[in-house]
Amino acid sequence: VRMTGTNVDIDRRKRNEERIEFQAKLLNAVEQAVIVTDLEGGITYWNPYAESLYGWKIDEVIGKNIKDITVPEPSNEQSEEIMERLAAGKSWSGEFDVQKKDGTVFPALVHDTPIFDDAGQISGIIGISSDVSDRKRMEAHLIQTHKMQSIGTLAGGIAHDFNNLLYMILGNTELAIADAAENSPVHHSLKEIQ
């Protein structure tokens, strides 16, 4: 006989969901490891590139501490300093040694930034990292090449200076031979020098 109902406009909610879905697709498309943690380091987001870079699947790392997953033992102290900086609301960028699931340690370029909530409180940390092993190898090769070029330049300069000395010795020896009698012991010694 009668029906009662309510209507709720869900356009706004739909747009927000679509926006969040689009942002998630963007993070998944980035070809750098994007990792989000809570303030204690518990992993809350791990994009597909992080899976390929570190070797850990997302379901293996969610909830685990980032330090237990990616920080090798020698880097623990630096990791603590970085976390203190982030807890103070400051970003950190730099090279940092990290490790893969198989224990392989490699240099990464890391950018960590605190995430602030609507009240201005730090609610988490987002980190973006990429492997810089190839760049480091190229830099080392370039440094070695520069060293070899420097040694070559130095050797060339020394050889040039040495040749100049030899020409002076040879020139003066020839002049002295011309002045010395052919049967004299000095003439024989000058020939040996020549």
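The values are calculated or read from the model by the stated rules, or taken from the named source; none is laboratory data. The shown structure was predicted, so the numbers you read here are calculated from the model rather than taken from an experiment. Glycine also receives a Cβ, built like all others from the backbone with ideal geometry; neighbour counts cover every protein chain displayed. In case anyone asks, the SASA skips ligands and DNA or RNA and just uses the protein heavy atoms, side chains included. Shrake-Rupley method; radii C 1.70, N 1.55, O 1.52, S 1.80 Å.
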### Summary
Listed residues Glu31, Glu21, Glu81; largest mean-square fluctuation, Gaussian network over the chain with Cα springs below 10 Å, found at Glu21
### Query
Can you work out ³J(HN,Hα) from phi for every residue in region 7-19, in order, using Karplus 6.51 cos²θ - 1.76 cosθ + 1.60 and θ = phi - 60°, giving whole Hz and x for Gly and Pro?
10, 10, 6, 9, 4, 4, 4, 4, 4, 5, 5, 5, 5
### Task
Please work out the Cα center distance from region 49-118 to region 133-194, rounded to the nearest Å.
56 Å
### Task
List, in order, the whole-Hz ³J(HN,Hα) value for each residue of region 149-156 obtained from phi through the Karplus relation with A = 6.51, B = -1.76, C = 1.60 and θ = phi - 60°; use x for Gly and Pro.
5, 5, 5, x, 5, 4, 4, x
### Task
Of all alpha-carbon pairs in region 1-63, indicate the percentage at a distance above 21 angstrom.
45 percent
### Task
Find how much the distance from Met148 to Arg2 grows on full extension, using 0.36 nm per residue of separation minus their present alpha carbon separation; answer in nm with one decimal.
43.2 nm
#### Entry: Whole-number percent relative contact order across the chain, with pairs defined as alpha carbons under 8 Å at least 6 apart
14 percent
### Query
What residue among Asn76, Asn183, Asn47 shows peak mean-square fluctuation when the chain is described by a Gaussian network model with Cα springs under 10 Å?
Asn183
## Note on the structure
Violations at 26 Å Cα threshold for listed pairs Lys101/Lys136; Lys64/Lys136; Lys14/Lys57; Lys25/Lys64 -> Lys64/Lys136; Lys14/Lys57
### Task
Could you quote the convex hull projected area for the chain, Cα atoms only and averaged over all directions, in nm²?
22.7 nm²
### Task
Give me the accessible area of Leu27, 1.4 Å probe, in Å² rounded to the nearest 10.
60 Å²
#### Entry: Distance cut-off 17 Å, percentage of C-alpha pairs in region 34-101 lying past it
41 percent
### Query
What base-10 log of the normalised intensity I(q)/I(0) is obtained for region 122-194 from the Debye formula, alpha carbons as equal point scatterers, at q = 0.21, 0.27 Å⁻¹?
-0.92, -1.09
### Per DSSP, loop trypsin sites (Lys or Arg not before Pro) in region 1-32 with at most 11 further Cβ within 10 Å
Arg2
### Task
Report the charge-dipole magnitude of the chain in Debye, nearest 20, computed about the Cα centre from +1 at each Lys and Arg Cβ and -1 at each Asp and Glu Cβ.
820 debye
